[in-house]
1. Would you work out which of N218, V247, V237 lies farthest towards the positive end of the dipole of segment 182-248, given +1 charges on the beta-carbon of Lys and Arg and -1 on that of Asp and Glu, about the Cα centre?
2. Find the Cα radius of gyration of segment 131-248, compare it with 2.2 N^0.38 Å by division, and give the number to two decimals.
3. Peptides 207-214, 124-131: what's the order by average Cβ count within 10 Å, highest mean first?
4. Taking a spot 7 Å from the Cα of S200 along the direction of its beta carbon, which residues of segment 47-61 have an amide N less than 17 Å from it?
5. Positive end of the dipole of segment 160-248, charges at C-beta (+1 Lys, Arg; -1 Asp, Glu), about the Cα centre: which of T160, G180, G202 has its Cα farthest in that direction?
6. Could you give the dipole magnitude of segment 137-248 about its Cα centre, charging the beta-carbon of Lys and Arg +1 and that of Asp and Glu -1, in debye to the nearest 20?
7. May I ask you to list the lysines whose Cα is less than 29 Å away from that of K124, ignoring any residue fewer than eight positions away on the same chain?
Amino acid sequence: MNTFFARFKENQFVPLGLILGVAFLVVGIIAAWTAVSIKNASDTLTVTGSATTNVSADTAKWTVTANRTAYEAGIPVATEQVLADTKKIVAFFKSAGIPADSVVVGAVHTDQDYSYSSDSSAPKRYVVRQDVTVSSNDPALIQKLSQDTSPLTGQGIVLTVLDPQYLLSDLPKYRVSLAGDAMKDAKARAEQLVKDAGQSVGRLKSASTAAVQVMAANSLDVSDYGTYDTSTIDKTVMVSVRATFSVN
């Protein structure tokens with residue numbers, strides 16, 4: 001009987017040892033697969049590169065508005081005054097060398113002036129206005145005209161003046177040229193990062209460009225959605241790329 005139990009105990013360890021062996025093998029396979037996965041995951045490097053250039057606006061838009069206030073009965077007279085004022089504004093631009101086809105006269109608008117009085121029994125006051133918008137490929141001229149409106153106000157014209165907008169008509173050109181320079185910057189950064197590890201940058205696996213930034217000259221006022229500064233003639237255009245490279 002004792003011999004039987006001894007043999008039974010010995011036979012119990014055979015499958016147990018086999019099970020443990022298989023378990024260690026499975027763990028080894030999982031560990032090896034995990035190591036390969038980690039290695040493959042680290043075979044790429046993602047970096048951001050950017051490029052900038054300083055440019056000057058080549059077009060400008062400027063809107064000035066002639067306006068008069070009047071009570072309801074005086075609206076017709078105010079409208080005649082605004083129309084006369086608008087003719088003077090157009091003549092002012094013509095004398096400054098702005099071609100007639102670059103000047104756009106808007107419609108006459110009449111709006112109630114709700115800021116005049118909160119008393120519902122008070123007479124209603126209105127603002128009669130008309131916009132005159134000028135476009136020019138000479139931003140410096142528009143800037144000069146906007147800095148001194150006394151030739152108009154000196155004639156009794158009541159003006160509302162917006163700041164000029166200084167624009168780039170060839171912005172797509174900068175998007176293309178700067179994207180290439182930004183990619184070179186991204187690759188240079190990637191090479192610098194892997195250099196100390198004794199590795200090298202391989203082929204480009206993916207790349208995407210961020211929103212274009214058009215900023216005031218030497219500004220850092222950027223946005224995830226892009227910026228477009230229109231307040232200055234001198235600007236800085238920046239394009240950024242996000243690039244993923246293989247690592248050898």
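The numbers here are math on the coordinates, done by the rules we state, and not lab data. The structure presented is a predicted model; accordingly, all values stated were derived computationally and were not measured. All Cβ positions, glycine included, derive from the backbone under ideal geometry; neighbour counts span all protein chains shown.
1. The residue sitting most towards the positive pole is V247.
2. Values: Rg = 21.8 Å, N = 118, 2.2 N^0.38 = 13.5 Å.
Compactness ratio reported: 1.62.
3. Numbers: 207-214: 16.5, 124-131: 19.0.
Going by the mean number of other Cβ atoms within 10 Å, highest first, we get 124-131, 207-214.
4. none
5. G202
6. Taking the Cα centre of segment 137-248 as origin, the dipole is about 680 debye.
7. Partners found: K87, K88.
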